[in-house]
1. In nm, to one decimal, how far is the modelled label at residue 298 from the one at residue 177, with both set 7 Å along Cα→Cβ?
2. According to the square roots a ≥ b ≥ c of the eigenvalues of the Cα gyration tensor, what is the shape class of the chain, taking rounded for a/c under 1.5, prolate for a/b larger than b/c otherwise, and oblate for the remainder?
3. So if I take the centroid of the Cα atoms in segment 90-164 and the same for segment 279-313, what is the distance between those two points in Å?
4. Expressed as an acute angle from 0 to 90° and rounded to the nearest 10, what is the orientation of the C-alpha long axis of helix 106-118 relative to the principal long axis of the chain?
5. Say R0 is 45 Å: what FRET efficiency, to the nearest 0.05, do residue 334 and residue 308 get from their beta-carbon distance?
6. How much of the DSSP beta bridge set in the chain is antiparallel, as a percent to the nearest 5?
7. Averaging sequence separations of C-alpha pairs under 8 Å and six or more residues apart, then dividing by the length of segment 1-40, give the relative contact order as a whole percent.
8. Provide the gained length on full extension for the span residue 129 to residue 367, in nm with one decimal, where the gain is 0.36 nm per separating residue minus the Cα-Cα distance.
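Coordinate-derived values only; no laboratory data. All of these numbers come straight from a predicted model, not from anything done at the bench. Glycine also receives a Cβ, built like all others from the backbone with ideal geometry; neighbour counts cover every protein chain displayed.
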Ligand SMILES: Cc1cc2nc3c(=O)[nH]c(=O)nc-3n(C[C@H](O)[C@H](O)[C@H](O)COP(=O)(O)OP(=O)(O)OC[C@H]3O[C@@H](n4cnc5c(N)ncnc54)[C@H](O)[C@@H]3O)c2cc1C
């Protein structure tokens, strides 16, 4: 019979929960570890619905370091995650990230570029002429230049999540298909979780890796997190022209982003102020036809003729304090660890965040100082300043 006693229970088994599980077990294979995931198809997990972009182009030192670590990890990820000789295929395409810069964004772009280079990021300033030479389909009207991260790129986010999951299982993680309905505690110590099936699991350490549902589950233990689900839409389209080479992930000054996808598709999206808070997964064709398409066609005039193939909506677990990760123990409830609030950049942060949290749980010295993401800043109302796209 299955024991109900564990060393660590993880709530949510998508990319964050599975990365923590993997990093814990690779360091200590004797741990009794359960991951409770209510939806093994991951149909609403942000990890499945993500765009899978990886870039060093942030402004905050720690976010840049996390991405540099991710680029290193993803370079040998398939070997590291092999199970019985079977390697996953994450399809990392090093096509780069190109931020298009207008005069209002120039000072910040130059400042961030200096920090990125100082930390070892391979990012360069491109003049408008250089942008035109490299990608002649782009209009450079109104631009003063761009910043190009040549090691950046995009990958298959679902494959990354499933690779962490499969590897964690091979190391002994027990994935339980059920829903955590309450975090249990005794005084100021976490004691486990209650499941919808009626089962009670006990552990002195519980990790909240519930993505956009993180605040709901934390609240059952009296913990208030500033994390809300915000709907973000993505559209897949087939242009009339055939591109001579794949596009990098391109981000316009407005925040509109687009990149190539396999099968000659282009993926496009944009976070907007009117994006709704709530668990809503419907997508609106009009968002594309009326708002995004006209803007896209100004940047790429050849995209004035295209076919909208499909769209989808996923949720950002938006940290309303500062749009950055909330990573570490919750100071007011012993044994509760958080890996939440990644907003729009969690996929690329999963290798570093999972490892960091595992090292904190195991009482080891972390490989990277990510103390500035500590949950204490929520209690202190001390936002971090990341001025790049989040
Ligand atoms: C449209 C879109 C584009 C994005 N693009 C990028 C990008 O280009 N690059 C990037 O780095 N990031 C991107 N992101 C963000 C990234 O996808 C997320 O930050 C990351 O996937 C978060 O992973 P997670 O494991 O925390 O959450 P999720 O993937 O949402 O997983 C949470 C899991 O917890 C489970 N769960 C929740 N509550 C319970 C419960 N009570 N009991 C049991 N299970 C529970 C859910 O079923 C779910 O599987 C994007 C996100 C979206 C939506």
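1. 4.8
2. On the way: a/c = 1.82, a/b = 1.73, b/c = 1.05.
Since a/c reaches 1.5 and a/b is larger than b/c, the shape of the chain is classed as prolate.
3. 22
4. Helix 106-118 and the main axis of the chain meet at about 60 degrees.
5. Details: r = 51 Å, r/R0 = 1.13.
Once the sixth-power term is evaluated, E becomes 0.30.
6. Details: 52 of 72 bridges.
Restricted to the chain, the bridges split so that about 70 percent are antiparallel.
7. Values: 40 pairs, mean separation 21.7, N = 40.
After rounding, I find 54 percent.
8. Details: separation 238, 0.36 × 238 = 85.68 nm, distance 4.10 nm.
Using 0.36 nm per residue and subtracting the Cα-Cα distance, I get 81.6 nm.
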